[in-house]
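Okay, so here's the structure we're looking at.
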Amino acid sequence: MALERTFSIIKPDATKRNLTGAIAKKFEDAGLRIVASKRIHLTKAQAGEFYKVHSARPFYDELCEFMASGPIVAQVLEGENAIAKNREVMGATNPADAEAGTIRADFAESVGENSVHGSDAPETAKEEIAYFFSGLELVG
Ligand code: RTP
Ligand code: MG
C-alpha cells in the first residue's frame, strides 16, 4: 500500500500533563512519521467548527469547552496505512475499553478527556489536515 497521511491532535488533558513527547514516541514506534507539528490554543468556536460533525450529540458543548481549555498539538502522521494504524495506537474512545499499551489505555483520563484525536477515514483526514496546515508546512 502507498504512503498515507492522517491528522492527529494531542488534546489539552495530555499537553497539560506534559505527555507530548511520550505520545509522539508511541506514533514513531508504530512506524508513523510526524511530517508536520504545531502547538496551538483553539478558541471554543474553532473547536466547534472542527468537531461540527458531533454538533447534535449531547457531549458536544463539553467537548468544545475541553478542546479550548488548553494548548493542543496538531500533527500530520505519515506511513503505510496511517489512518488505521494511528487509530490502533490510540485505542478505543473510552480508555476503560482501550487495549493495554495504547495511548488511551496508558494516558487518557476519561471518555471525554482521552488524550488524542485521529482522523477516521481518508476524506476526513484530507479535510482535517487542510483545516490546520498549508501544503508548505507538510515536510515528508
Ligand atoms: P476522536 O474523533 O477525538 O479521534 O475520537 P473518536 O473517533 O474515538 O470518538 P468520537 O466518537 O469521534 O468522539 C469524539 C470525541 O468526543 C468526546 N466524547 N465524549 N462524554 C462522552 O460520552 C463522549 N463521547 C465522545 C471524546 O473526546 C471523543 O474522542
Ligand atoms: Mg472521531
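I'd like the full set of residues that are surrounded by 12 or more Cβ atoms within 10 Å (Cβ to Cβ) and not basic (Lys, Arg), limited to the stretch 14-31.
Ala14, Thr15, Leu19, Thr20, Ala22, Ile23, Ala24, Phe27, Glu28, Ala30, Gly31
Of all residues in the stretch 56-70, which are in a helix (DSSP H, G or I) and either of a type in the set (Phe, Trp, Tyr) or over 13 Å from Val111 (Cα atoms) (or both)?
Result: Tyr60, Asp61, Cys64, Glu65, Phe66, Met67.
Go through the stretch 7-21 residue by residue and tally those that are within 16 Å of ligand 1 (Cβ to nearest atom) and assigned to a loop (DSSP other than H, G, I, E, B).
The qualifying residues number 3.
So, in the stretch 56-70, of the ones that are open to solvent by less than 80 Å² (accessible area, probe 1.4 Å) and more than 21 Å from Ile23 (Cα to Cα), which residue ends up farthest from ligand 1 (Cβ to nearest atom)?
Cys64
Take the stretch 71-124 and flag every residue that is in contact with a Pro (Cβ under 8 Å, 6 or more places away or on another chain), more than 10 Å from ligand 1 (Cβ to nearest atom), more than 30 Å from Gly135 (Cβ to Cβ) and part of a loop (DSSP other than H, G, I, E, B).
Selection gives Glu109 alone.
Among the candidates Ala108, Ala82, single out the residue that is within 14 Å of the chain's Cα centre (by Cα) and under 18 Å from Thr20 (Cα atoms).
Ala108
Within the stretch 32-55, can you find the residues that are open to solvent by 50 Å² or more (accessible area, probe 1.4 Å), away from ligand 2 (no atom under 16 Å from the Cβ) and not in a strand (DSSP E or B)?
Across the stretch 32-55, the qualifying residues are His41, Thr43, Lys44, Ala45, Gln46.
Of Asp97, Asp61, Asp120, which residue is acidic (Asp, Glu), within 15 Å of ligand 2 (Cβ to nearest atom), farther than 18 Å from Ala36 by Cα and without any contact (Cβ under 8 Å) to a residue 24 or more places away in the chain?
Result of the check over Asp97, Asp61, Asp120: Asp97.
Just checking, how many residues over the stretch 125-139 are assigned to a loop (DSSP other than H, G, I, E, B), more than 15 Å from the chain's Cα centre (by Cα) and either within 10 Å of ligand 1 (Cβ to nearest atom) or touching a residue at least 40 places away in the same chain (Cβ under 8 Å) (or both)?
2
Quick test of your reading of the structure: Asn114 fulfils all but one of (1) within 16 Å of ligand 2 (Cβ to nearest atom); (2) open to solvent by 30 Å² or more (accessible area, probe 1.4 Å). Name the failing condition by number.
Of everything listed in (1) within 16 Å of ligand 2 (Cβ to nearest atom); (2) open to solvent by 30 Å² or more (accessible area, probe 1.4 Å), Asn114 misses just condition (2).
Checking Ala24 against (1) under 12 Å from the mean Cα position of the chain (by Cα); (2) outside any helix (DSSP H, G or I): exactly one of these is not met. Which one?
For Ala24, the exception is condition (2).
The values are calculated or read from the model by the stated rules, or taken from the named source; none is laboratory data. All figures in this text were calculated on a predicted structure; none of them were measured in a lab. Neighbour counts are summed over all protein chains in view; Cβ atoms, including those assigned to glycine, are modelled from backbone coordinates with ideal geometry. Heavy atoms of the whole protein, side chains included, go into the accessibility calculation; ligands, DNA and RNA do not. Shrake-Rupley method; radii C 1.70, N 1.55, O 1.52, S 1.80 Å.
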